[in-house]
Amino acid sequence: MSDADLFSKLDGACDCKSLLKKHCTKERFDAVKDKKTKFGGTIGDCIKSGCLNLDSGVGIYACDPDAYTVFANVLDEVIKDYHKVDKLDHPEPDMGNFEDPGFGDLDPSGDFIVSTRVRVGRSHDSYGFPPVLSKDQIVKMEGDTKAAFEKFSGELAGKYYPLEGMSREESKQLTADHFLFKDDDRFLRDAGGYNNWPSGRGIFFNNNKTFLVWVNEEDHLRLISMQKGGNLAAVYRRLCQAITTMQNSGLSFAKREGLGYLTFCPSNLGTALRASVHMKVPNLAAKADEFKAICEKYNIQARGIHGEHTESEGGVYDLSNKRRLGLTEYQAVMEMKTGVEEILKREKELEGAKGAKK
Ligand SMILES: Nc1ncnc2c1ncn2[C@@H]1O[C@H](COP(=O)(O)OP(=O)(O)OP(=O)(O)O)[C@@H](O)[C@H]1O
């Protein structure tokens, strides 16, 4: 389908509620329809998924880091709307004093928090995103990334497992353990996210599986630190040490002033950080209105435990920072910490009240 045909499909859709539909007006589309990014991408590459999937929430992916400049007339509006900010004035990155972050274990009893995870997305600034990436380029980029992994030492040291050639059993087990990613998202598929799959994709693990890197899942890199229990300090420290090592190994990550770190989907840019706990909150979750209100008050997003758009199981929720743009990395983690502590306090009160009634 040509870029013009894609746009007509979107333009003619009456019940489409995506941010793309809202902000990619005919005027804005016409203003950029003949432009190309320095990686050769077009506005059609960015809007394809949202035009083919009219039920998208966002509907636009950047075809490459340069798209955030060349197609800013559309992308900036989507970003402001999605992240609920008036201005694009994201601060300079600041991970705070991560060696001594001023918080520790959010649930020393171990009764409520099942596991803690903090991840960031990063993009190499010398490569495009999937819509403009050839098989050779994705394989070369994987090579650059693997070279940086060689610099990991101590707790971070581990091994890279390319998806190509991985046995079915191994990949099934890694997915069940919440470690591996899949190729089953139709929005990402139509954005070109699975082009040349599984070439260039893989996963790095440290030896005790508390630090991993997804290579060319949705983003070029997703750096993930996770462990059982609620020790947010240990998880955050490990992630920041890994980010620092990768930056010092010569990799240069795509950023734009006012937008922070750039990612394939505009919903992730800024800090590109999501800090989450899997926490047991059956009593509070049973009071749906109160649960929703407390999450909103503290900017917490609640998800099911198998990732975005999944349901909770046994009262366990994935609770994370909702804000990723317009605040520093340290502030984003602190927001999650504060919200989770409040939710935990309320869950304990409700649990206590139930005990008293018995
Ligand atoms: N605190 C956590 N403990 C254990 N596993 C987690 C935790 N948070 C997320 N996961 C797991 O990580 C995987 C990826 O989750 P999900 O796709 O929701 O988030 P993400 O990787 O942060 O990316 P995105 O926000 O783009 O969806 C899922 O298998 C999910 O269960």
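The values are calculated or read from the model by the stated rules, or taken from the named source; none is laboratory data. Source: prediction; values computed, not measured. Glycine gets a Cβ as well: all are built from the backbone with ideal geometry, and neighbour counts include every protein chain shown.
Listing for the model above:
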{"item": "Condition check for K172: outside any strand (DSSP E or B) and not acidic (D, E)", "result": "yes"}
{"item": "Enumerated helices (runs of 4 or more DSSP H) restricted to the stretch 1-116, each holding at least 2 residues that are under 30 Å from G230 (Cα atoms)", "result": "72-83"}
{"item": "Flag for A275 being under 14 Å from the mean Cα position of the chain (by Cα) and either crowded, with 17+ Cβ neighbours inside 10 Å or away from the ligand (no atom under 16 Å from the Cβ) (or both)", "result": "yes"}
{"item": "Count of the stretch 112-133 residues which are out of contact with any Cys (no Cβ under 6 Å at 6 or more places or on another chain) and away from the ligand (no atom under 16 Å from the Cβ)", "result": "6"}
{"item": "Breaking point among (1) within 16 Å of the ligand (Cβ to nearest atom); (2) touching a residue at least 24 places away in the same chain (Cβ under 8 Å); (3) crowded, with 17+ Cβ neighbours inside 10 Å, for G315", "result": "(3)"}
{"item": "Verdict on H178 being within 16 Å of the ligand (Cβ to nearest atom), under 17 Å from V120 (Cα atoms) and either at pLDDT 95 or above or surrounded by 22 or more Cβ atoms within 10 Å (Cβ to Cβ) (or both)", "result": "no"}
{"item": "Residue in the stretch 77-96 that is surrounded by 15 or more Cβ atoms within 10 Å (Cβ to Cβ), farther than 22 Å from S123 by Cβ and not polar (S, T, N, Q) present", "result": "yes"}
{"item": "Test result for S320, farther than 27 Å from D125 by Cα, of a type outside the set (D, E, K, R), within 11 Å of the ligand (Cβ to nearest atom) and assigned by TED's automatic domain parsing to the domain that holds M226", "result": "yes"}
{"item": "Criterion: at positive phi, more than 16 Å from the ligand (Cβ to nearest atom) and not assigned by TED's automatic domain parsing to the domain that holds Q331 - qualifying residue of G104, G96", "result": "G96"}
{"item": "The stretch 260-272 - residue that is closer than 30 Å to F112 by Cβ and among the hydroxyl-bearing types (S, T, Y) and, of those, nearest to the ligand (Cβ to nearest atom)", "result": "S267"}
{"item": "The stretch 207-227, residues that are surrounded by 20 or more Cβ atoms within 10 Å (Cβ to Cβ) and more than 13 Å from the ligand (Cβ to nearest atom)", "result": "F211, V215, N216, H220"}
{"item": "Condition met for D136 (of a type outside the set (G, A, S), part of a loop (DSSP other than H, G, I, E, B) and loosely packed, with under 14 Cβ neighbours inside 10 Å)", "result": "no"}
